[in-house]
């Protein structure tokens, strides 16, 4: 089946004006978009959508592979062999007789093996273009693997209170630049708390934002139904309806 998809891809590159025009740079945002669509389908727990988005993402991965093949910079067998060898090397507890106690030890071994591969840092490879909350959580998970972490969520809560106090101080001083810095520190600490509570920060914020959108739309419908102009209404009037739609 994969061979058939690759044949379709090769034909598109030859015969379709749009597909012929694509480059690594032009395909990059498409990959990002499809990854987000797959993420949304997974959050919805919609198996049919997940399968569909996986197919779209698979096609784009093969498309990028084809672009590299055309430039003689890589090929699919080499890519598959490389990832296969990496997975075997980084899972000695599966493919060799290395004993591990738990998941934490698996991840610690993973980082030690990566260091032997002469990675500059355990944070090497963290994509700069990741959404901010996701990026913060990934960084925190990486450093946890080498023991750089609070033992439990209590220390994180204290850190959040500390950062909030510092933010309030800068707001009081009307120091916008410093306030922005402290706000970033506060968000970073909050992400740390979500990680300790085993909550996905990006998903949690998306969930709250979607909930707000749903409720605000109900508020708008309420005002429309009662023939009231939302833009000319007071905050008190809107708050009253907001409490009702909640």
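The values are calculated or read from the model by the stated rules, or taken from the named source; none is laboratory data. Computed from a prediction, not measured in an experiment: that's the story for all the values here. Cβ placement follows ideal geometry from the backbone for every residue including glycine, while neighbour counts extend to all protein chains displayed.
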- Does residue 58 fit the bill of being exposed (fewer than 14 other Cβ atoms within 10 Å of the Cβ) and within 23 Å of the chain's Cα centre (by Cα)? yes
- From 113, 42, which residue is at pLDDT 90 or above, over 23 Å from residue 6 (Cα atoms) and assigned to a helix (DSSP H, G or I)? 42
- Subset of region 116-139, residues part of a helix (DSSP H, G or I) and without any contact (Cβ under 8 Å) to a residue 40 or more places away in the chain, comes to 116, 135, 138, 139
- Query: How many of the residues in region 5-23 are loosely packed, with under 10 Cβ neighbours inside 10 Å and either touching a residue at least 24 places away in the same chain (Cβ under 8 Å) or outside the structural domain of residue 71 (by TED's automatic domain parsing) (or both)?
  - Reply: 1
- Message: From the list 169, 179, exactly one residue is more than 25 Å from the chain's Cα centre (by Cα), without any contact (Cβ under 8 Å) to a residue 40 or more places away in the chain and surrounded by 15 or more Cβ atoms within 10 Å (Cβ to Cβ). Which is it?
- Response: 179
- Task: Considering (1) within 30 Å of residue 199 (Cα to Cα); (2) at pLDDT 90 or above, say which one residue 29 fails and leave the rest.
- Result: (2)
- Scan 68, 60, 89, 76 and give me the residue that is within 26 Å of residue 117 (Cα to Cα) and touching a helix residue (DSSP H, G or I) at 6+ places or on another chain (Cβ under 6 Å). 76
- Message: Quick check on residue 188: is it part of a helix (DSSP H, G or I), touching a helix residue (DSSP H, G or I) at 6+ places or on another chain (Cβ under 6 Å) and over 28 Å from residue 235 (Cβ atoms)?
- Response: yes
- Just one of (1) part of a helix (DSSP H, G or I); (2) free of Cβ contacts under 8 Å to residues at least 60 places away in the same chain; (3) within 26 Å of residue 143 (Cα to Cα) trips up residue 202, so point out which. (2)
